[in-house]
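Q: One structure follows; several queries about it will come next.
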Amino acid sequence: MSVQVTIVDHPIVAEALTHLRDINTSNQFFRAEMRRLSLIVVAEAARLLPTTNVRVTTPLAETSGVRISHRPVLVPILRAGLGMLPAAMELLPDADIAVVGVQRDEHTHSPSEYVAKLPSRLDGRHCIVLDPMLATGGSLEHGCRLLANRGAPQPIIIACVLAAPEGIEFLKKSGMTLLIVTASVDERLNENAFIVPGLGDAGDRQFGPPN
């Protein structure tokens, strides 16, 4: 069991992340930059999807090609993960979509599940979990555990925008094999379990405050 971290080194990712961090970025522009960054991060995350060799006929000749072997499953962690979903669907249009809703207790920072719409079995179905912020790791650990208990192949792939060292260490203790693909591993968590320097609350900055 292991946790591997891949940091996506790309100028478009770096520029989009700069806009996401900026306190002056509007909600509309934030959503647009989230999609732009997600296209590259999810493309990198999809490298592990197994492929099958096929033959294809072009207008001029027959040649070799590849096809993704099994329909993957995209799993946004609500609500912030919804911002990464359009880019993931564009890249993987045949993917199925499952959702996990986990909210964090503002005092204990522990995850609390409020919805889980998943297939009963995921044997042979590689899953890409979408969550912009890997902070404490509690929500992602909970979501990945639901997938593992349904037979999802490991490593389970996590695509995120930012990760905190504390969250990575927490996931290393989960006993699952995970691949984390992120634009940055930031410095730390603050006393309120927000990533520093971070970008604030990814859900609120995309969709507005819930109240």
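The values are calculated or read from the model by the stated rules, or taken from the named source; none is laboratory data. Predicted model only: the values in this text are computed from it and were never measured. For neighbour counting, all protein chains shown are included, and Cβ atoms are generated from backbone atoms with ideal geometry for every residue, glycine included. Protein only, heavy atoms only, side chains kept; ligands, DNA and RNA dropped before computing areas. Shrake-Rupley method; radii C 1.70, N 1.55, O 1.52, S 1.80 Å.
Q: Within the chain, what percent of beta bridges assigned by DSSP are antiparallel, to the nearest 5?
A: Counting DSSP beta bridges with both partners in the chain, the antiparallel share is about 40 percent.
Q: Of LEU140, PHE207, PRO165, which is farthest on the positive side of the dipole of the chain, counting Cα position, with +1 on Lys and Arg Cβ, -1 on Asp and Glu Cβ, and the Cα centre as origin?
A: So the residue furthest toward the plus end is LEU140.
Q: I would also like to ask the following. Heavy atoms only, 1.4 Å probe, whole protein assembly: order GLU141, GLU62, GLU169 by accessible area, highest first.
A: GLU62, GLU169, GLU141
Q: Per DSSP helix of 4 or more residues, -39500 (n - 2.57); summed, then divided by the residues of the chain. What does that give at 222 nm, rounded to the nearest 500? The partial results should precede the final answer.
A: Details: 6 runs with 63 residues, N = 211.
Calculated at 222 nm, the ellipticity per residue is -9000 deg cm²/dmol.
Q: Determine the relative contact order of segment 144-211: mean sequence separation of Cα pairs under 8 Å and six or more apart, normalised by residue count, in whole percent.
A: 28
Q: Send over a whole-number figure in Å² for the accessible area per residue of the chain, probe 1.4 Å.
A: 50
Q: In nm, to one decimal, how far is the modelled label at GLN4 from the one at VAL54, with both set 7 Å along Cα→Cβ?
A: In this crude spin-label approximation the distance works out to 2.6 nm.
Q: Right, here's the next one. How large is the accessible surface of LYS172 in square angstrom, using a 1.4 angstrom probe and rounding to the nearest 10?
A: Its heavy atoms expose roughly 110 Å² to the probe.
Q: Using R₀ = 22 Å, calculate the FRET efficiency as 1/(1 + (r/R₀)^6) where r is the Cβ-Cβ separation of ASP22 and ARG188; round to 0.05.
A: On the way: r = 20 Å, r/R0 = 0.92.
About 0.60, to the nearest 0.05.
Q: Using the alpha-carbon centroid of each, what span in Å lies between segment 18-51 and segment 127-151?
A: Using only Cα atoms to place each centre, the spacing works out to 18 Å.
Q: Let me ask something else about it. Enumerate the calculated ³J(HN,Hα) couplings along segment 124-133 in order (Karplus 6.51 cos²θ - 1.76 cosθ + 1.60, θ = phi - 60°), each rounded to whole Hz, writing x wherever the residue is Gly or Pro.
A: My calculation for segment 124-133 gives x, 9, 5, 10, 10, 8, 10, 7, x, 10 Hz in order.
Q: Work out from phi, with θ = phi - 60° and the Karplus expression 6.51 cos²θ - 1.76 cosθ + 1.60, the ³J(HN,Hα) of each residue of segment 32-45, listed in order in whole Hz, and give x for Gly and Pro.
A: 5, 6, 4, 5, 4, 5, 4, 4, 7, 5, 5, 4, 5, 5
Q: Output the relative contact order of the chain, whole-number percent, from Cα pairs under 8 angstrom with separation of 6+ residues.
A: Relative contact order here is 25 percent.
Q: From the mean inverse distance of alpha carbon pairs (Kirkwood) and the Cα radius of gyration, derive Rg over Rh for the chain.
A: Numbers: Rg = 17.3 Å, Rh = 17.5 Å.
Rg divided by Rh gives 0.99.
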